[in-house]
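The next block holds one structure in the form of structure tokens; read it before the comments.
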Amino acid sequence: MTIFTKIINREIPADIVYEDDLCLAFRDVSPQAPTHVLLIPKRPVESLDGFTDEDSSLAGHLLLTVPKVAAQLGLENGYRTVINTGTEGGQTVFHLHIHILAGRSLTWPPG
Ligand code: 5GP
């Protein structure tokens, strides 16, 4: 179990900005931009590598939820979505999450 399951179960606090039956979005504890939200499936999928063909509906739902959360947060100037996968991908919490970053001009390429 990761810290994100504890957030889903309300065992530790988080600033939750969106919730539905399948997913939850909350503000990152260490924001890298003025807006930094994590969107996660409630099911504890370890990473993008944990998805199978049976998860197409959940994967689609997560992706389709991103613009809804962005609109709710008023990110009309744009935002960046990031999914870190595995150690070299920069993943530190092994519960799949989509970073939504906004509120400043983000550079490319990432570090
Ligand atoms: P990763 O490095 O795995 O892509 O991203 C994990 C993210 O989770 C990091 O940006 C980190 O700041 C965030 N994070 C880690 N622990 C907590 C926590 O307890 N609460 C919240 N809200 N975010 C967390």
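The values are calculated or read from the model by the stated rules, or taken from the named source; none is laboratory data. The shown structure was predicted, so the numbers you read here are calculated from the model rather than taken from an experiment. Note that we place each Cβ from the backbone using ideal geometry, even for glycine, and neighbour counts take in every protein chain shown. When the accessible area is computed, the model is the full protein with side chains, heavy atoms only, and any ligands, DNA or RNA have been set aside. Shrake-Rupley method; radii C 1.70, N 1.55, O 1.52, S 1.80 Å.
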(request) Name the single residue, out of those in the range 67-83 being open to solvent by less than 30 Å² (accessible area, probe 1.4 Å) and in a helix (DSSP H, G or I), that is farthest from ALA33 (Cα to Cα). (result) VAL69
(request) For the range 71-84, enumerate the residues that are over 12 Å from the mean Cα position of the chain (by Cα), of a type outside the set (A, V, I, L, M, F, W, C) and within 16 Å of the ligand (Cβ to nearest atom). (result) TYR79
(request) Determine the pairs where a residue that is farther than 20 Å from LEU64 by Cβ, located within the range 27-48, has a partner that is charged (D, E, K, R) and within 12 Å of the ligand (Cβ to nearest atom) with Cβ atoms under 8 Å apart, the partner being 6 or more residues away or on another chain. (result) ARG27/ASP15; HIS36/ARG27; HIS36/ASP28
(message) Exactly one condition in (1) touching a His at 6+ places or on another chain (Cβ under 7 Å); (2) open to solvent by 40 Å² or more (accessible area, probe 1.4 Å); (3) not small (Gly, Ala, Ser) is false for PRO34; which is it?
(response) (1)
(request) Quick one: THR92 ticks every box in (1) in a helix (DSSP H, G or I); (2) within 11 Å of the ligand (Cβ to nearest atom) except a single one, so which number is it? (result) (1)
(request) Output yes when any residue across the range 86-94 is closer than 24 Å to GLY111 by Cα, without any contact (Cβ under 8 Å) to a residue 24 or more places away in the chain and buried (at least 17 other Cβ atoms within 10 Å of the Cβ), and no when none is. (result) no
(request) Identify, from the list LEU64, LEU39, the residue that is loosely packed, with under 12 Cβ neighbours inside 10 Å and modelled with pLDDT of 95 or more. (result) LEU64
(request) For the range 8-26, name all the residues that are in contact with a strand residue (DSSP E or B) (Cβ under 6 Å, 6 or more places away or on another chain) and either without any contact (Cβ under 8 Å) to a residue 12 or more places away in the chain or within 9 Å of the ligand (Cβ to nearest atom) (or both). (result) ALA14, ASP15, ILE16, PHE26
